[in-house]
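Below is one structure, written out as structure tokens; comments come after it.
The values are calculated or read from the model by the stated rules, or taken from the named source; none is laboratory data. Note that the structure is predicted; figures quoted are calculated from it, not measured. Every residue, glycine as well, gets a Cβ built from its backbone with ideal geometry; the counts of neighbours run over all protein chains shown. Surface accessibility is based on the protein's heavy atoms, side chains included, excluding ligands, DNA and RNA. Shrake-Rupley method; radii C 1.70, N 1.55, O 1.52, S 1.80 Å.
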Protein chains: 2
Amino acid sequence: MTEIRTDPVTGNQVIIATERGKRPTDLKSVLPEKKVKKIEDSCPFCPGNEEKTPPEISRINRRDKWTVRVVPNKYPAVSMESSCNINDSILFKKEKGKGKHEVIIESREHNKSFFYMDIKEFEYMLKMYKKRYKDLINLEGIKYVSIFKNYKKEAGASLEHPHSQAIALPLVPKLIKEELHGSKNYFEKEGNCIYCDIIKEELNNNERIITETKNFLVLAPYASIYSYHTQIIPKEHKSNFETINNKLIEELAILLFDIFNRMGRLLGDFPFNMYLHTLPKDEENHNKTYHWHMEIAPRLSNQAGFELGSGMYINTVAPEQAAKVLRSVPTNCCNKKAYIV
Amino acid sequence: MTEIRTDPVTGNQVIIATERGKRPTDLKSVLPEKKVKKIEDSCPFCPGNEEKTPPEISRINRRDKWTVRVVPNKYPAVSMESSCNINDSILFKKEKGKGKHEVIIESREHNKSFFYMDIKEFEYMLKMYKKRYKDLINLEGIKYVSIFKNYKKEAGASLEHPHSQAIALPLVPKLIKEELHGSKNYFEKEGNCIYCDIIKEELNNNERIITETKNFLVLAPYASIYSYHTQIIPKEHKSNFETINNKLIEELAILLFDIFNRMGRLLGDFPFNMYLHTLPKDEENHNKTYHWHMEIAPRLSNQAGFELGSGMYINTVAPEQAAKVLRSVPTNCCNKKAYIV
């Protein structure tokens, strides 16, 4: 099968080419086996090395010890003190890289695999996501807070110790602009939130649903740009992640546990990115049209010259197939209360 | 320095964060040393294995033996025989993945480094780019031909033997659409081709020029999204690569030799992508506004969750700095006729 799908929101184009997944390779990237300790003396994120990070911003304790800890990124992409000259020239436009860049340390254990996190750990992580989001979005001059995770070097991680990152930005990033624009366009034509309509259709045809709880759906998106690309979306219309309450955080934690459990059993300890998309500040006119969600992007292959040069994608696993196999992986979550749909 | 630059054509946003280049990492990706032979028995692109590829499409001989050879990709992303059902639904739009996918084998030598290609080899490669472009763009139903190269596994290559690829597509890819749109907008406001105006400005301020010949300029683009990102652009306004004549191909070959020589001396045998951007078929109304160019995208770091989740980029080497060091690398090209600017 080879077909070209267009993402209904962003207009992203993806070639679904399932035969291409079978091609051979003589270029291996087998990394030398590494023995990783539970505590690594040289790691700035390990317990005992707290003084190696810049001063702590926030923490959550569990049995009197921190279990999630937030510190400034020592090598920030943006900074509130950015002193660059702005330039509004039509060809060479630039603005201050004003913002904050934080690290959310998710575990005390250096070698903790995200595929073996427990439900409580996911819950604390999500609570900290919310807390950091609320604090950062309210800073003066900040328009958007990007929260994301890089797991393994192939996914852009530079330190092994489990962590997510938050970057507060003075502007709305391009991909979020595209989502705002696409969903607003749809609303103007159809009178509905496009994400709500997608949820309805997906529940109807049941081809791309991986799992669901009472309040969340986990989908293989129709125009999945990565193999096993996954979207987690609240069933009820909500534009902003910030509004999530503790009960829903607990449910979402169970769902993350479930989905990473399924993915890990199917694909092993693989590199991935996870990120949150939510309504930017001062965009209330998109309240009815935008719908927050999270995505997991497995990094099972490298983007190549075709992707970089065209802005298109090639995906060798059809999302219907990805959903089918992920759905069939047994997990031990089904007896959880959240699962009574 | 941390600043956010916007690409004048595509609107791409890049954070230039030079301090971030200094961050430490405990995740190495040191591949085991591999001894690669000049001819590899199992490689379908090596001389002697010609029957292992699908039937040859085209070749250029040098001393009675092929030196460039084009074959169909055995695992094509698109195919003229695509039989998928099209769907014009507003949410789940798809079309046939109709097209052709070819491999351009650039050398007889399995272990030939692109950094050690000679000028003649670049010339043959470019001549074949033009030939394949002309044949493919004229196929019925084809709108765009993407020509690109993946060098090393980190840049998406699956086979080591030096090769480029051409994918003929039934649509205009997203990134090309953005370039067409951005350059047309500028033309409507300013009355000039935006690329021509950029060339003029860059020649004026001379901060981001890496090297130049009589007819081509090599730039570190103002909003470079990769470290050492490089653009090669004809000085005279031309919308379409297809119009390049043999004299200009010879000049461009010298320039590729020069720029890869400089980059290799500075950065070693590093992974990169190279791609060609040219006017799509049936877009004559963009003839005055679009300007063909080639880009080299070094893959010195992996895109991470921030990039995937935001559509923005972080670049830790300012293009002014990249241009400065690449300019200062000594090469043995300066006595070539093409260099008499």
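With a Förster radius of 25 Å applied to the beta-carbon distance between residue A:320 and residue A:192, the computed FRET efficiency rounds to 0.55.
Shown for residue B:39: label points 7 Å from Cα along the beta-carbon vector, and their distances to the equivalent points in the other copies, 6.0 nm in ascending order. When B:56, A:102 are compared by accessible surface with a 1.4 Å probe, the order from highest to lowest is B:56, A:102. Once you divide the Cα radius of gyration of the range A:123-181 by 2.2 N^0.38 Å, the number left is 1.27.
Taking every residue in B:76-82 and counting other chain Cβ atoms within 10 Å of its Cβ, the average works out to 5. Projected label points at residue B:140 and residue A:185, each 7 Å from Cα along the beta carbon direction, are separated by 3.0 nanometres. Working note: Karplus 6.51/-1.76/1.60 with θ = phi - 60° gives the range A:266-282 the couplings 7, 10, x, 8, 9, x, 7, 10, 10, 8, 10, 10, 9, 5, x, 5, 6 Hz, where Gly and Pro are set to x. Here the accessible area is traced with a 1.4 Å probe on the protein chains. For the range B:181-335, carbon and sulfur cover 45 percent of it. Of the listed residues A:152, B:131, the order by accessible area with a 1.4 Å probe, largest first, is B:131, A:152.
Remark: accessible surface ordering of A:86, B:225 (largest first) is A:86, B:225, probe radius 1.4 Å. The modelled label-to-label distance for the pair residue A:22/residue B:287, using points 7 Å beyond Cα in the direction of Cβ, is 4.6 nm. Once the convex hull of all Cα atoms in chain A is built, its volume per residue stands at 169 Å³.
Only helices enter the 222 nm calculation for chain B: every DSSP H run of n ≥ 4 contributes -39,500 (n - 2.57), and dividing by all residues gives -8000 deg cm²/dmol, rounded to 500.
The mean accessible area for residues of chain B, using a 1.4 Å probe and ignoring ligands and nucleic acids, is 41 Å² per residue. Scalar couplings 3J(HN,Hα) for the range A:130-147, obtained by applying the Karplus form with A = 6.51, B = -1.76, C = 1.60 to θ = phi - 60°, are 5, 4, 5, 4, 5, 5, 6, 5, 8, 5, 5, x, 8, 10, 8, 10, 9, 10 Hz; x denotes Gly and Pro.
Listed values for the range A:160-174 are Karplus-derived 3J(HN,Hα) couplings in whole Hz (6.51 cos²θ - 1.76 cosθ + 1.60, θ = phi - 60°), namely 6, 3, x, 7, 10, 9, 10, 10, 8, 10, x, 8, 8, x, 3, and x replaces Gly and Pro. The fraction of all Cα pairs in the protein assembly as shown landing in successive 20 Å bins from 0 to the largest distance is 17, 52, 28, 2, given as whole percents. Distance between the modelled labels on residue B:56 and residue B:331, one decimal in nanometres: 3.1 nm (7 Å Cα→Cβ projection).
Under 5 Å from the amide H of residue B:210 lie the amide H atoms of B:218, B:219, B:220, each residue being 5 or more positions distant or on a separate chain, with H modelled from the backbone and absent for Pro and chain starts. Rolled with a 1.4 Å probe across the full set of protein chains, the surface gives residue B:118 an accessible area near 60 Å². Take the Kirkwood radius over Cα pairs of the range A:165-313, plug it into Stokes-Einstein at 4 °C and 1.567 mPa s, and you get 78 µm²/s for translational diffusion. Between residue A:68 and A:60, the built amide H atoms are under 5 Å apart, and every one of these is 5 or more places off in sequence or on another chain.
Distances between copies of residue A:192, taken at a point 7 Å out from Cα along the Cα→Cβ vector and listed shortest first: 5.0 nm. Within the same chain, lysines fewer than 8 places from residue B:96 are excluded, and of the rest, those with a Cα less than 16 Å from its Cα are B:143.
A protection proxy built from the mean count of other Cβ atoms within 10 Å ranks the segments A:137-143, B:208-214, most packed first, as B:208-214, A:137-143. Start at zero, step by 5 Å, and the Cα-Cα distances of the range A:85-134 spread as 4, 15, 18, 14, 10, 7, 8, 8, 8, 7, 1 percent across the bins. Ascending distances from the residue B:87 label point to its copies in the other chains, with the point 7 Å along the Cα-to-beta-carbon line: 4.7 nm.
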